[in-house]
Amino acid sequence: MGRRPQPEIRDRLLEACTDHALAHGLPDRLEPLVRASGVSARMLLYHFGTRDALLRAVLERARERQLVAFGDLLGVRDGEPYPSTLARAWRSISGAEGRGYARLFGRTPETPVHARWPGFEREATTDWLEPLADGLRSLGRPELATLVLAGIRGLLLDLAATGDRDRVDRAFDDLLGLLPRPAQTAGKSAVGGGPSLPAA
C-alpha cells in the first residue's frame, strides 16, 4: 500500500511555498517552490497532486492570511476614531506589508490569480465590504463601505501604476476628510442631521 498523505507535512510545505510566493510572486515553474520548501518535486506533487493544484492552494493560503491581517487592520478599535483606523490600515495595505498580496491579487489581467481562481474578482470585493461597513457604522454611515472600498482599490491601482506615493497618500487623506467625524455621529448625525457624504 502507498503512503497516506500527512496533513501536517502538507501544511508545512504549503506555508513555505506561500512565504515564497508572497516574497517573489507566483512562479510559472515548480522549481522555485521545490527550493523554497526544501523537498523534491515528487514530494510536492505527492501532497498536492498537480502543479496547478499546488499553485491554487498557495493562492488560497495567501488569501487566508490577507483576510486575517487586513481584516484586523480594518476592525473597529475602542477609543480610536474610525478615520484614524483607516489611515493606519492604509499605511500597511499600501506599504511593505501589502506588497506581496498586491503582487498576487492585483487588479490586472496578468495577475496569476485571475487565471487560476474564477470568480476571485467578486470575492475580492465583497470580502471587504462587511468589515468596512462595521467600521463606518461607528460614524453612522455603513452604506459608504462601497464608496470607500472603491476609493482604496482605485488608489492602490494608481500607486502600482505610477509609484507616486505622495500624491496618492494626499488623495487618500482627502477621501478620509470627506467622512463624517465621530463627534458629529455621536450628536447630530446620529439623528439624521449634521454633515455627511451624499448617498452613493
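Brief remarks follow.
- Considered as a group, the residues in the stretch 70-94 that are part of a loop (DSSP other than H, G, I, E, B) and over 12 Å from the mean Cα position of the chain (by Cα) include one that is farthest from residue 125 (Cα to Cα), and that residue is 79.
- Members of the stretch 17-39 found to be closer than 23 Å to residue 96 by Cβ, modelled with pLDDT of 90 or more and surrounded by fewer than 17 Cβ atoms within 10 Å (Cβ to Cβ), listed by number: 23, 24, 32
- Residue 63 fulfils the conditions (1) farther than 30 Å from residue 159 by Cβ; (2) of a type in the set (D, E, K, R); (3) surrounded by 17 or more Cβ atoms within 10 Å (Cβ to Cβ) except for a single criterion, (1).
- Selection from the stretch 27-43 of residues that are more than 25 Å from residue 120 (Cα to Cα) and touching a helix residue (DSSP H, G or I) at 6+ places or on another chain (Cβ under 6 Å): 34, 36, 37, 41
- Evaluation of residue 193 against the conditions (1) closer than 19 Å to residue 86 by Cα; (2) modelled with pLDDT under 95; (3) not hydroxyl-bearing (Ser, Thr, Tyr) shows that the sole unmet condition is (1).
- Residues located in the stretch 40-57, provided they are within 25 Å of residue 101 (Cβ to Cβ) and among the basic types (Lys, Arg): 51, 56
- Condition check for residue 182: over 30 Å from residue 53 (Cβ atoms) and modelled with pLDDT under 95: yes
- Extreme residue, modelled with the highest pLDDT, among residues of the stretch 1-16 that are of a type outside the set (A, V, I, L, M, F, W, C) and either outside any helix (DSSP H, G or I) or touching a Phe, Trp or Tyr at 6+ places or on another chain (Cβ under 6 Å) (or both): 6
The values are calculated or read from the model by the stated rules, or taken from the named source; none is laboratory data. Note that this is a predicted model, so its numbers are computed, not measured. Don't worry about glycine lacking a Cβ; one is built from the backbone with ideal geometry, like all the others, and counts go over all protein chains shown.
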